[in-house]
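Student: Please find one structure pasted underneath; my questions will follow.
Computed from the coordinates by the stated procedures, all read-outs in this text should not be read as laboratory data. None of the values given here were measured: they were computed from a predicted structure. Every residue, glycine as well, gets a Cβ built from its backbone with ideal geometry; the counts of neighbours run over all protein chains shown.
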Amino acid sequence: MSEHTPAVVARGISKRYVGGDGTPIQILEGVDLEVRAGETIAVIGQSGAGKSTLLHILGGLDVPTGGEVSVGGSALARLPAEELARLRNEKIGFVFQFHHLLREFSALENVMMPQLIGGTSPGTARERARAMLGRVGLDHRLEHKPGQLSGGEQQRVAVARALVTHPVLLLADEPSGNLDPPTGERLHGLLFEVSRENGAAMILVTHNLDLAARADRVLRLHAGRLIPAETEREEAPAEPWGG
């Protein structure tokens, strides 16, 4: 995919829920978005504005009430369930505020998992997982299970898992929300660095305006719609990981 090819296209996305009293609640209304390969987008807005809902729809984890999403040229709504699951596994990387690691498996096994599901041989999956965990500074913690890792280390495992398949689209929802500022800054640097290297589009939901300013574009979700937001852009170098 070239840098001019859209990695994700959303047209007319709307999302409604029905409240407990039967009243419809409009979360998203007519959202249009196009992100090309290698581009980074930050989405900001008040809590409850629908940012996470939008991210889940773009990643095929939720279904819009109206409109259509395409990832890598594939319209999500037209894919059978099995093909949609395969596309999510192979082309979309997710990084959430809560890491959702498999507690019974080691860091290495967690990062191997999406590759194994996709049909990669165990030997190749292990080699790639080792390399990616090395990128996030965890080559000394490969065999540790999540319960033996700090919160920051667990989130770095989750980032490695999201990036190991070289996804077309990386979706990050407050990825450093539970981390101390220095660890969060290193994580941010890694996300931008690897997404650029791999030519992946990245959509980042955040309340951190300094982080948002590092993106190519900043959009605000307000009243169900995406509008341009002005922030001062800055480029911060990735810091090396500590022990």
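Student: Taking the range 138-161 as the region of interest, how many residues are crowded, with 18+ Cβ neighbours inside 10 Å and of a type in the set (Gly, Ala, Ser)?
Tutor: Selection size over the range 138-161: 3.
For every residue, the table says whether it meets (1) under 20 Å from ALA7 (Cα atoms); (2) free of Cβ contacts under 8 Å to residues at least 24 places away in the same chain.
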{"site": "PHE98", "(1), (2)": "no, no"}
{"site": "LEU116", "(1), (2)": "no, yes"}
{"site": "ASP139", "(1), (2)": "no, yes"}
{"site": "LEU142", "(1), (2)": "no, no"}
{"site": "GLN148", "(1), (2)": "no, yes"}
{"site": "VAL159", "(1), (2)": "yes, no"}
{"site": "ASP180", "(1), (2)": "no, no"}
{"site": "GLY189", "(1), (2)": "no, no"}
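Student: While we're on this one: Taking THR165 and the conditions (1) surrounded by fewer than 23 Cβ atoms within 10 Å (Cβ to Cβ); (2) closer than 22 Å to GLU90 by Cβ; (3) without any contact (Cβ under 8 Å) to a residue 60 or more places away in the chain, which numbered condition does it fall short on, given that it satisfies the others?
Tutor: Failed condition: (3).
Student: Another question, then. Quick one: LEU61 ticks every box in (1) over 22 Å from ALA172 (Cα atoms); (2) out of contact with any strand residue (DSSP E or B) (no Cβ under 7 Å at 6 or more places or on another chain); (3) surrounded by 13 or more Cβ atoms within 10 Å (Cβ to Cβ) except a single one, so which number is it?
Tutor: Failing condition for LEU61: (1).
Student: When the residues of the range 106-164 are narrowed to those that are among the charged types (D, E, K, R) and not in a helix (DSSP H, G or I), which ends up nearest to SER195 (Cα to Cα)? Break it down stepwise before answering.
Tutor: Applying the first criterion (among the charged types (D, E, K, R)) to the range 106-164 yields 109, 126-128, 130, 135, 139, 141, 143, 145, 153, 156, 161.
Those still in the list that are not in a helix (DSSP H, G or I) too: 139, 141, 143, 145.
Details: ASP139: 20, ARG141: 24, GLU143: 26, LYS145: 26 Å.
So the residue we want is ASP139.
Student: Hand me the list of strands (runs of 3 or more DSSP E) wholly inside the range 1-92 holding 3 or more residues that are closer than 26 Å to HIS188 by Cβ.
Tutor: Answer list for the range 1-92: 6-18, 24-36, 40-44.
Student: Turning to a different aspect of this structure: Please go through the range 1-38 and pick out each residue that is in contact with an Asp or Glu (Cβ under 7 Å, 6 or more places away or on another chain), within 23 Å of LYS91 (Cα to Cα) and surrounded by fewer than 22 Cβ atoms within 10 Å (Cβ to Cβ).
Tutor: Filtering the range 1-38 down to residues in contact with an Asp or Glu (Cβ under 7 Å, 6 or more places away or on another chain) leaves 6, 9-12, 14, 36-38.
Within this subset, residues satisfying the condition of being within 23 Å of LYS91 (Cα to Cα) are 6, 9-12, 36-38.
Within the range 1-38, PRO6, VAL9, ARG11, GLY12, ARG36, ALA37, GLY38 qualify.
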